[in-house]
1. Kindly provide the set of residues from the stretch 114-154 that are touching a residue at least 40 places away in the same chain (Cβ under 8 Å) and within 17 Å of D70 (Cβ to Cβ), ordered by number.
2. Report the residue count in the stretch 43-65 for those that are over 14 Å from the mean Cα position of the chain (by Cα) and either closer than 26 Å to A145 by Cβ or in contact (Cβ under 8 Å) with a residue 60 or more places away in the chain (or both).
Amino acid sequence: MAITIAAESPLQDDVRAMIAELNALLRPLSPPQFQFQMTAEQMAGDETTVFVARDGHSAVVGMGSLKTHDAKLGEIKRMFTAPCVRGTGVGRLILGAIEDRARGTRLERLVLETGSTRGFEPAWRIYERAGYTQCGAVLDYPDSAYNRFYEKKL
């Protein structure tokens, strides 16, 4: 299956559907006060670049975002792949596109917040295999038993 990854608007119906699918998956995994989801409208802001993975039939099969906080720091948000492509490397490709954009804009460090409960193991693996290391709470996220934080220097 040929996969293409490109920066796209999150305001498209098919991308909105993927955001809804991600939210539905995350909702039961941790309390709402420890979930920090961006809406499609928030993802459409100037400080965020959304990368969309599409299969050979142009269906959305994954997404991830780079939110720039300042000239040196970027944050990875809303990483998700459809069940039909999990384990095929699509997540790694999206993460690579995010990192390429971050390097191209001369960011020095990427951080992210993800869940720390059962069900998030695939996310941990993709980040750890890409060289991210666990760190303390980042940005203005609270430190809690429901969140895990990663960073990578570029």
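Readers should treat all values here as calculations from the given coordinates under stated rules, not as data from a laboratory. Quick caveat: nothing in here was measured; it's all calculated off a predicted structure. Reconstructed Cβ throughout: ideal geometry from the backbone, glycine too, with neighbour counts over all protein chains shown.
1. Selection gives V138, L139, Y141, E151, K152, K153, L154.
2. Number satisfying all stated conditions: 0.
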